[in-house]
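The values are calculated or read from the model by the stated rules, or taken from the named source; none is laboratory data. Values in this document were obtained by computation on a predicted structure and should not be read as measured data. Cβ coordinates were reconstructed from backbone atoms using ideal geometry, including for glycine residues, and neighbour counts include every protein chain displayed.
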Amino acid sequence: MLRNTTLIAPLVAWTIAQLIKFLLDAASKRRPDFTRLVNPGGMPSSHSTLVSSMSIMIGRIYGWESPLFAMASVLSLIVLYDAAGVRRAAGRQARVINRIVEDIYRKGKVPEQRLRELLGHTPLEVFAGVALGAIVAFSWPVGQ
């Protein structure tokens, strides 16, 4: 498994994305938040980094015309769409629901339970994730 570059390169790319996210968040808030190492959302999209790196590694190893590359690309596009579309919309809905819960909580009628708002990504965050994934995948040595 440690020799499987189709697996290792995307995992390294994902780790780099999570570290960048952590460092950017720590710099902007002037304090480290270690949950940023595993939580979704933020710049760059680690989901986008992971799937784009995986697809590129498959293309490099098995060929750009291979059914494996086609399948990986289709699955990657689904993840990219989800990251920028569905999960981003869910994050916006969570923000609105949190405001409603906060209003109700202030009136003392319900205990406050907040939803995670940072779920999805802006198109720029997705693009940055794809770019990082591509950089890692094209830089990774491919041995036969």
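Of all residue pairs spaced 6 or more apart or on separate chains, those with beta-carbon atoms under 7 Å, a first member in the range 1-16 that is touching a residue at least 12 places away in the same chain (Cβ under 8 Å) and a second member that is among the aromatic types (F, W, Y) and not in a helix (DSSP H, G or I) are T5/W140; A9/W140.
Quick test for you: out of L7, L11, L23, pick the one residue that is under 20 Å from T122 (Cα atoms), at pLDDT below 95 and either in a helix (DSSP H, G or I) or not charged (D, E, K, R) (or both).
Values: L7 fails: under 20 Å from T122 (Cα atoms); L11 fails: under 20 Å from T122 (Cα atoms).
Only one candidate passes the filter, namely L23.
Just one of the listed residues (V74, V79, V51) is more than 21 Å from I20 (Cα to Cα) and part of a helix (DSSP H, G or I), and it is V74.
In the range 83-92 there is at least one residue matching the filter, namely being surrounded by 15 or more Cβ atoms within 10 Å (Cβ to Cβ), of a type outside the set (G, A, S) and either in contact with a Pro (Cβ under 8 Å, 6 or more places away or on another chain) or at pLDDT 80 or above (or both).
Of everything in the range 54-71 that is of a type in the set (S, T, Y) and part of a helix (DSSP H, G or I), the residue that is nearest to F22 (Cα to Cα) is S55. The numbered conditions (1) at pLDDT 90 or above; (2) surrounded by 18 or more Cβ atoms within 10 Å (Cβ to Cβ) are all true for M71 except (2).
As a summary of the residue check, P44 satisfies the conditions (1) more than 16 Å from the chain's Cα centre (by Cα); (2) closer than 14 Å to V136 by Cα except for the one numbered (1).
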